[in-house]
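Each remark here refers to the structure printed beneath this line.
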């Protein structure tokens with residue numbers, strides 16, 4: 001079946017939603033608020049991850065991978081940072097948070113971009129989604145509307 005360029009664009013818009021300068025600035029800020037070195041292992045979760053992957057690689061991250069919410073991932077390598085940049089709805093948010101929790105291990109960090117949650121009332125329910133995935137909010141970047149999450153201790157999760 002023939003598919004035109006217009007059809008391709010409707011299925012998956014280009015990854016240039018975020019400019020190189022913007023993604024580089026975002027990477028610098030995220031690495032600063034998570035207190036991670038330039039060589040950190042990072043998993044970027046979402047649909048439009050390419051600008052973030054490139055910016056992280058340019059910054060010197062040793063290991064960067066991209067994951068789609070809800071898609072199978074053949075490896076389960078731990079990451080120092082799981083960065084959720086773009087999800088479509090609450091179901092994808094739950095998938096992304098679970099994947100991020102699995103990657104972050106007991107000491108890793110999860111960053112959730114507030115702009116990644118584009119549906120109505122998303123920010124109001126984020127804490128409940130995070131807790132359900134075994135994560136808790138440790139800081140909030142008010143300027144960028146960005147949450148930093150950390151794995152909850154096992155005792156707190158059992159209570």
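The values are calculated or read from the model by the stated rules, or taken from the named source; none is laboratory data. Here the structure is a predicted model, which means the values were calculated and not measured. As a convention, Cβ positions derive from the backbone with ideal geometry for all residues, glycine included, and neighbour counts pool all protein chains shown.
Tabulated results
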{"read-out": "Qualifying residue in segment 89-106 (condition: at pLDDT below 85, assigned to a strand (DSSP E or B) and in contact with a strand residue (DSSP E or B) (Cβ under 7 Å, 6 or more places away or on another chain))", "value": "no"}
{"read-out": "Within segment 38-47, tally of residues that are free of Cβ contacts under 8 Å to residues at least 60 places away in the same chain and in contact with a strand residue (DSSP E or B) (Cβ under 6 Å, 6 or more places away or on another chain)", "value": "6"}
{"read-out": "Residue among 32, 79 that is without any contact (Cβ under 8 Å) to a residue 12 or more places away in the chain and either in contact with a helix residue (DSSP H, G or I) (Cβ under 7 Å, 6 or more places away or on another chain) or assigned to a helix (DSSP H, G or I) (or both)", "value": "32"}
{"read-out": "Number of positions in segment 123-159 that are under 17 Å from residue 103 (Cα atoms) and at pLDDT below 85", "value": "2"}
{"read-out": "Filter result (buried (at least 20 other Cβ atoms within 10 Å of the Cβ) and at pLDDT 90 or above) within segment 66-84", "value": "67, 79, 80, 81, 82, 83, 84"}
{"read-out": "Qualifying residue in segment 87-105 (condition: more than 9 Å from the chain's Cα centre (by Cα), within 19 Å of residue 30 (Cα to Cα) and surrounded by fewer than 22 Cβ atoms within 10 Å (Cβ to Cβ))", "value": "yes"}
{"read-out": "Those residues of segment 52-65 which are surrounded by fewer than 16 Cβ atoms within 10 Å (Cβ to Cβ) and either closer than 19 Å to residue 133 by Cβ or touching a helix residue (DSSP H, G or I) at 6+ places or on another chain (Cβ under 9 Å) (or both), in sequence order", "value": "58"}
{"read-out": "Residues of segment 48-70 that turn out to be closer than 15 Å to residue 100 by Cβ, in contact with a strand residue (DSSP E or B) (Cβ under 8 Å, 6 or more places away or on another chain) and either outside any helix (DSSP H, G or I) or free of Cβ contacts under 8 Å to residues at least 12 places away in the same chain (or both), as a count", "value": "7"}
